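Q: Handing you this structure, nothing more for now.
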Amino acid sequence: MTAAPVLSLEGVTLDLKTGDDYVRILRDVTFDVAAGEIIGIVGESGSGKSMTALSILQLLPPKARLTAARIGFDGADLAGLRPAELRKVRGRRIGMVFQDPMTTLDPVVQVGRQIDEAYRIHHPRAGRAEAREKSLAMLRLVGVPDAQNRAKQYPHQWSGGMRQRAVIAMALVNDPEVILADEPTTALDATIQAQVLDALMRARDELGVAVVLITHDLGVISQVASRVVVMYAGGVVEIAGTRELFADSRHPYSAALIHSRPGAHRRGEPLVAIPGRPPLMSDLPAGCPFAPRCASPYKSERCVTQRPALEPSVDGRLSACHYRDEPQEVIA
Amino acid sequence: MSELLRVDDLKVHFSQRGFSGRKRVIRAVDGVSLSIDTNEALGIIGESGCGKSTTGRAIVHLEDPTEGRISYRGADVTHPDAAARRAFNEKVQFVFQDPMSSLNPRMTVESIIAEPLRAFGAWDRVTGPARVVELLERVGLPAQFASRYPHEFSGGQRQRIGIARALALDPELLVLDEPVSALDVSVQAQVLNLLMDLRRQQGLAYIMISHDLDVIRHVTDRIAVMYLGVVVETGPADEVLDHPLHPYTAALVSATPPSSPDEHRERIRLQGELPSASNPPSGCRFRTRCWRATEVCAEVVPPLEPVGDGRSRACHHPLDLGMPTIRTESAA
């Protein structure tokens, strides 16, 4: 990495209360986001990728216990900020885009006004005209045609892909350093998904904003992210450059995930299915959380008894596997 | 191989009353012709609103065809009487997208899988349970699951229970509507492997409806691409997806992320949005978004014409066969 990190998570651990007990949802999540990069977080449902994003902004359910060595952002530790200080970061310096744009948009307010409002709430002295100018510039940047007139319409008059672009424009309007985008294209058709990903890439190129792209879709990751954080059962199992990850993964889970996709095989060949299912967070195995499903030929007693930490391999690749230095063969 | 099912000029229209009380006709499926042979796998792809699910549902009589003809092994089953419909249902089964809502939460797995047997008088109290266990094993689930309830299972396991139920009557054809789109990739691979095995071992044929090009390419031989209620192109899966003839197919393929970061697709950016199915464009339905459209496209509906090698396309200005959709960059 050449650029300095704009955001860095160190040892983020999150417990959520379910019934009478606390369950550990995130375990020691650690990674950096460099200025102006698109970094992907991949994992399956329940792996903790969305909770990681929500922890950064501390948009957590009640009775959540967040402990973190540090969530470093511009010299400050977000984990230690008071609510009033945190509000100056949320939506202004770190924007958020969720999967369903209608959770963000108010159905009875014109789209343009909602973006104006996002700007004026952080720029109290800005007039209406200035806010609208800013909103229109962002709508144009994300590829909304005829922005001036469309801004006066209501969300129901916009298609799903257009709404998602409006939400991205809203996240960008305060010139944030980072955008957290949680499954922003999952609900969209392929041709529309491509347009929304274009909007995110244009924001990175023209505004220099870093994008944390959370998705279960490795195809999306392979096309837009420069680095990838792979999560499993609430922990990071591998961090790698996108090319390295796809060509030479250092964790059996990432390797299996990449090879379980139909696109990675010739037609009709059996796919690499990962047997079983992820462990319950309330009942994690003592050793490696992936050990019960792992098909690596190196798997040993150590995997069952001792939990591997995310550490560099001999050639400097980060993996949470005891056998990170061995080549990862994928067993079909 | 012989022809199993044939659909000729199928139309499914829905009436809808708007706010003004005026009746609108939604032409969800508007003249679709398809056929499938024994032991063949046919894929139907397209984006939301193209009519692919309605086509599948009409084939199994979950929607009433407005016009057209459906025949099974040569016999007309478009509007079957009760007896003919029972006989058809025994041979053709449907698998739903959402394994959460398609299994009754208050029934045990055994009674879910036994239900079609009971409905067709094939349930025997002595041999029945053994038959359920056999079906469970065929879809890769252990026998002791029979006495449990759907909520105890993961999405992939539930989907396999749905497939076991569909197999109970030894059907000849399965119609699967987005069977893996609700599943995580690693689990998706388990279900796709199962479908390929069933076809090999049992001589089953299936029609798979999906928006996921990689999934469809992997498990089907032949595909039909739909746009706004009509089939725009059909042919062998690899040929259609690697060398599309119809501009819409090319745009759809180009918007789908390739499987590796070393591959890049020449992006075709479609203009505009999907027109309404209640008021489709005259002539070719794709012409409002097509970069090759000319006057003739607005005036004459292009017929789905065979062009050799088992391929057909409905286009006045088809693409050249030699046009590749993918470009591989040598790894740095």
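The values are calculated or read from the model by the stated rules, or taken from the named source; none is laboratory data. Since this is a predicted model, take the numbers as computed values, not measurements. For neighbour counting, all protein chains shown are included, and Cβ atoms are generated from backbone atoms with ideal geometry for every residue, glycine included.
Q: Name the single residue, out of those in the stretch A:99-133 being in a helix (DSSP H, G or I) and among the β-branched types (Val, Ile, Thr), that is surrounded by the fewest Cβ atoms within 10 Å (Cβ to Cβ).
A: That would be A:103.
Q: Moving to a separate point now. May I ask you to list the residues in the stretch A:196-215 that are surrounded by fewer than 20 Cβ atoms within 10 Å (Cβ to Cβ) and either at the interface with chain B (Cβ under 10 Å from one of its Cβ atoms) or touching a residue at least 60 places away in the same chain (Cβ under 8 Å) (or both)?
A: A:198, A:201, A:202, A:204, A:206, A:207, A:208, listed by residue number.
Q: Okay, moving on. Which of the residues spanning the stretch A:143-157 are surrounded by fewer than 19 Cβ atoms within 10 Å (Cβ to Cβ), in contact (Cβ under 8 Å) with a residue 24 or more places away in the chain and either aromatic (Phe, Trp, Tyr) or part of a loop (DSSP other than H, G, I, E, B) (or both)? Break it down into steps so the answer makes sense when it comes.
A: Here is the first cut: in the stretch A:143-157, the ones surrounded by fewer than 19 Cβ atoms within 10 Å (Cβ to Cβ) are A:143, A:145-146, A:148-150, A:152-154, A:156-157.
Narrowing further to those that are in contact (Cβ under 8 Å) with a residue 24 or more places away in the chain: A:143, A:150, A:152-154, A:156.
Within the stretch A:143-157, A:143, A:152, A:153, A:154 meet the criteria.
Q: Has the stretch B:267-274 got at least one residue that is under 22 Å from the mean Cα position of the chain (by Cα), at pLDDT below 95 and within 14 Å of another protein chain (Cβ to nearest Cβ)?
A: Among the residues of the stretch B:267-274, at least one is under 22 Å from the mean Cα position of the chain (by Cα), at pLDDT below 95 and within 14 Å of another protein chain (Cβ to nearest Cβ), which makes the answer yes.
Q: When residues of the stretch B:105-131 are filtered for being more than 20 Å from residue B:86 (Cβ to Cβ) and free of Cβ contacts under 8 Å to residues at least 24 places away in the same chain, how many remain?
A: Result for the stretch B:105-131: 6.
Q: Within the stretch A:229-240, can one find any residue that is assigned to a loop (DSSP other than H, G, I, E, B), more than 7 Å from chain B (Cβ to nearest Cβ) and either touching a residue at least 24 places away in the same chain (Cβ under 8 Å) or more than 25 Å from residue B:140 (Cα to Cα) (or both)?
A: yes
Q: Now a separate question. Among the residues of the stretch A:144-165, is there at least one that is among the hydrophobic types (A, V, I, L, M, F, W, C), modelled with pLDDT of 95 or more and closer than 30 Å to residue B:249 by Cα?
A: Checking the stretch A:144-165: not a single residue is among the hydrophobic types (A, V, I, L, M, F, W, C), modelled with pLDDT of 95 or more and closer than 30 Å to residue B:249 by Cα.
Q: Right, residue B:245: surrounded by 22 or more Cβ atoms within 10 Å (Cβ to Cβ), among the hydrophobic types (A, V, I, L, M, F, W, C) and modelled with pLDDT of 90 or more or not?
A: Yes.
Q: Right, another one. Regarding residue B:227, is this residue at pLDDT 95 or above, within 12 Å of chain A (Cβ to nearest Cβ) and surrounded by 23 or more Cβ atoms within 10 Å (Cβ to Cβ)?
A: On the way: at pLDDT 95 or above: yes; within 12 Å of chain A (Cβ to nearest Cβ): yes; surrounded by 23 or more Cβ atoms within 10 Å (Cβ to Cβ): yes.
In short, yes.
Q: Output yes when any residue across the stretch B:252-267 is among the basic types (Lys, Arg), touching a Leu at 6+ places or on another chain (Cβ under 7 Å) and under 30 Å from residue A:223 (Cα atoms), and no when none is.
A: To start, the set of residues in the stretch B:252-267 that are among the basic types (Lys, Arg) comprises B:265, B:267.
Filter once more, so that each one left must be touching a Leu at 6+ places or on another chain (Cβ under 7 Å): none.
Checked against the condition, which is being among the basic types (Lys, Arg), touching a Leu at 6+ places or on another chain (Cβ under 7 Å) and under 30 Å from residue A:223 (Cα atoms), the stretch B:252-267 yields no hits at all.
Q: I would also like to ask the following. Do we find that residue B:258 is more than 20 Å from residue A:274 (Cβ to Cβ), facing another protein chain (nearest Cβ under 9 Å) and either outside any loop (DSSP other than H, G, I, E, B) or of a type outside the set (Asp, Glu) (or both) in this structure? Walk me through how you get there before you give the answer.
A: Working: more than 20 Å from residue A:274 (Cβ to Cβ): yes; facing another protein chain (nearest Cβ under 9 Å): yes; either outside any loop (DSSP other than H, G, I, E, B) or of a type outside the set (Asp, Glu) (or both): yes.
The answer is yes for residue B:258.
Q: Would you mention how many residues in the stretch B:189-219 are more than 7 Å from chain A (Cβ to nearest Cβ) and within 22 Å of residue A:189 (Cα to Cα)?
A: Residues of the stretch B:189-219 more than 7 Å from chain A (Cβ to nearest Cβ): B:191, B:194-195, B:197-210, B:212-213, B:216, B:219.
Next, only the ones that are within 22 Å of residue A:189 (Cα to Cα) stay: B:207-210, B:212-213, B:216, B:219.
Residues meeting the conditions: 8.
Q: Can I ask one more? Checking the conditions here, which among A:23, A:12, A:89 is at pLDDT 90 or above, of a type in the set (A, V, I, L, M, F, W, C) and closer than 19 Å to residue A:203 by Cβ?
A: A:89 is the lone residue from the list that is at pLDDT 90 or above, of a type in the set (A, V, I, L, M, F, W, C) and closer than 19 Å to residue A:203 by Cβ.
Q: Quick check on my filter: what residues within the stretch A:266-308 are assigned to a helix (DSSP H, G or I) and either away from every other protein chain (no Cβ under 11 Å) or out of contact with any Gly (no Cβ under 7 Å at 6 or more places or on another chain) (or both)?
A: Going through the stretch A:266-308, the residues assigned to a helix (DSSP H, G or I) turn out to be A:281-283, A:291-293, A:301-305.
If the condition is that a residue be assigned to a helix (DSSP H, G or I) and either away from every other protein chain (no Cβ under 11 Å) or out of contact with any Gly (no Cβ under 7 Å at 6 or more places or on another chain) (or both), then A:281, A:282, A:283, A:291, A:292, A:301, A:302, A:303, A:304, A:305 are the ones that fit.
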